[in-house]
1. At 7 angstrom along the Cα-to-beta-carbon line, where would the label on residue A:231 sit relative to the other copies? Give the distances in nm, shortest first.
2. Within the set of other residues whose C-beta is less than 12 Å from the C-beta of residue B:174, count the net charge using Lys and Arg as +1 and Asp and Glu as -1.
3. Let me have the 222 nm mean residue ellipticity of the protein assembly as shown computed from DSSP H runs of 4+ only, each contributing -39500 (n - 2.57), with the sum over all residues rounded to the nearest 500.
4. Using a simple spin-label model with points 7 Å from Cα along the Cα→Cβ vector, what separation in nm is obtained for residue B:168 and residue B:134?
5. Could you run the Karplus curve 6.51 cos²θ - 1.76 cosθ + 1.60 with θ = phi - 60° over the range B:71-77 and give me ³J(HN,Hα) per residue in whole Hz, x for Gly and Pro?
6. How high is the relative contact order of chain B, in percent, counting Cα pairs under 8 Å that sit 6 or more residues apart?
7. Using +1 at the Cβ of each Lys and Arg and -1 at the Cβ of each Asp and Glu in the protein assembly as shown, identify which of B:150, B:69, A:102 lies farthest towards the dipole's positive end.
8. What is the mean number of Cβ atoms from other protein chains located within 10 Å of the Cβ atom of each residue in peptide B:41-48, rounded to a whole number?
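Nothing in this text is a laboratory measurement; each read-out follows from the coordinates by a stated rule. Quantities reported herein were computed from a predicted structural model and do not represent experimental measurements. Here Cβ is always computed from backbone atoms with ideal geometry, including for glycine, and neighbour counts include all displayed protein chains.
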Number of protein chains: 2
Amino acid sequence: MSISASEPDDCVSAGELSARYDNFVVDLLGSIAYGELSAFERLATDARHSPSLSDRAVLGKMAVAEFGHYEAMCARLVEMGMDPELAMAPYQRMVDSFHERTRPADWHESLMKAYVVEAITEEFYAAIAERLDESTREAVAKVRTSDEQLQELTTLLKKMLAQDPRLSSRLALWGRRLVGEALTQVQRIGAKHSFLMGLRADATQEQAAADIATILSTLTRNHSRRMSQLGLTA
Amino acid sequence: MSISASEPDDCVSAGELSARYDNFVVDLLGSIAYGELSAFERLATDARHSPSLSDRAVLGKMAVAEFGHYEAMCARLVEMGMDPELAMAPYQRMVDSFHERTRPADWHESLMKAYVVEAITEEFYAAIAERLDESTREAVAKVRTSDEQLQELTTLLKKMLAQDPRLSSRLALWGRRLVGEALTQVQRIGAKHSFLMGLRADATQEQAAADIATILSTLTRNHSRRMSQLGLTA
């Protein structure tokens, strides 16, 4: 436990720490649940822009998987005796506003958004979950886009970029905007809710902030790697 | 086989009849597949209008089921050696235009549309499938909204109508518009593609038209019964 005198809540009882941890887990699961429910709806909507019916099903299938993740998070919250609706509510406005700010203009941007945002989101969840208890970690581990789906997305994006090389600069720019918005979102959610302090029950604010900084830099590095795989500059 | 001299294609060989039947089945499965894919996307989009997060999941869950139906139809088409995309293509414009004409203005209308349109569509498929070979019938039988989901929808609609009695007349009107559009759609698809002639390999046009008329009147009767269950006039 921290002994820095500058923080008003440095001295907390084990009970308070445990309550704080539980709140954190509920916050995390609530934010994942709402994020997945929104991703389901947005992907299903974006799927309509696809040029062919078989392409359309690629985003549709991802959407269906997101709904499964949403249900799994709700089930875990119910197991913990929590109301999923109450747990999700604080995140609704922020997540909706993220999607409003990153509304794809066409099919190319829709695919790119699915590729960039799903990957970052899931890595963020996984990085947080690594630091948590086993059952939470297991629950969060289920929130993964299948390798097969990611492969399908990558193949479609590569095909698209090969067919129209002028797309590269537009999509590289769009990718940068998406990652910027996604990382801002992650920080905003972290700052507003108990993410920063909750990561480790006995962490100081400084340690927690350092944890978040490490996670963000890993997310950024992985994003750059994925963009390179498409032949785009991050 | 019909012997009416007025029809140019009354005398057809067994091979032609079999080819006509196969075309009919492909048409039917293609129209169901595209209808379900669209329903998936529309329900997922409409879900966003819901007043609460748990209500939102009701349409979401239905949407996910529709996607499963779409996949089942595609799998059956592939089994038959057909390209699902080609089989769906002729229905795209008609189905999209149906959804444009019946775009719900709010959550109440979204729920009502799900209730009215799903039921009619599935009864139509089932009625057609009754007249077909066993493996097609089995494939089409899987395209059913679960009783549990229908029950959830009915409960939500009843609660909504009880809370705001002024809704009754608006939703009764909306229900009539939906059923009108849905039945027009059924007839249009039937007329344009081989549904009318394909129902029975040896049917005359008159017999096939009578079959369709029987189906339509059953659909209308069942719709009225469902509206009465909600306390609405059909």
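1. Reported distances to equivalent positions: 6.4 nm.
2. Counting the neighbours of residue B:174, the net charge comes to +2.
3. Taking each H run of at least 4 residues, the total per residue is -26000 deg cm²/dmol.
4. 5.0 nm
5. Working through the residues one at a time gives 5, 5, 5, 4, 4, 5, 4 Hz.
6. 25 percent
7. The residue sitting farthest along the positive end of the dipole is A:102.
8. Counting other chains' Cβ atoms within 10 Å and averaging over B:41-48 gives 6.
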